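Take a look at the structure below.
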Amino acid sequence: MDSVLRVLAIYAFLVVVFRLAGSRTLSEMTTFDLLLLLIISETTSQFLVGQDASMTNAFLLILTFVTADIGLSLLMQRSRAANRMIDGAPVIIVDRGRPLKDRMARARVDEQDILESARIAHGLARMDQVRYAVLERSGKISVIPAATAWGTGGPS
């Protein structure tokens, strides 16, 4: 019965903390959000399996991690330099159908990654059909199609 009460206590605590913290959706998760989630899960598991019987210690550690995450997000909101350093910036990796090889190499992205995004998003099959491809801060590749023979995809 003690285990059930421990699980309910930590669950209720986490619900309250994450509601107050205003956590982002999973699709907007940053590297730091993932680290926070992993560390909190480890802290929680130690508490739940009894390696650390102190509920107060588990709560304190979780609050510390969440507070640090909130502080980091506030710093990034107030400082463009901190935001860029921590979260990075979008990078154009294809310019008017021409792959920018040096940027792609730095980002460890190849043409197949770009073409896959182009196929999924717009049904494009060739690089010359891509006006721009942008590696977003999230790691996703956004594709802006070039003008087609049917006149869609924006101005030439």
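The values are calculated or read from the model by the stated rules, or taken from the named source; none is laboratory data. Just so it is clear, the model here is predicted, and its values are computed rather than measured. Cβ placement follows ideal geometry from the backbone for every residue including glycine, while neighbour counts extend to all protein chains displayed.
Computed quantities for the displayed model
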quantity	calculated
Residue satisfying all of: in region 95-113; within 30 Å of Ser73 (Cα to Cα) and among the aliphatic types (A, V, I, L, M); surrounded by the fewest Cβ atoms within 10 Å (Cβ to Cβ) among these	Ala105
Residue that is nearest to Ile92 (Cα to Cα), among those in region 142-156 that are modelled with pLDDT under 95 and surrounded by 15 or more Cβ atoms within 10 Å (Cβ to Cβ)	Ala146
Condition broken by Pro90, with the remaining ones in (1) under 30 Å from Ile141 (Cα atoms); (2) over 24 Å from the mean Cα position of the chain (by Cα) satisfied	(2)
Count of residues meeting criterion [modelled with pLDDT under 90 and in a loop (DSSP other than H, G, I, E, B)] in region 85-112	2
Yes/no for Leu72 being touching a residue at least 40 places away in the same chain (Cβ under 8 Å), in a helix (DSSP H, G or I) and not assigned by TED's automatic domain parsing to the domain that holds Gln129	yes
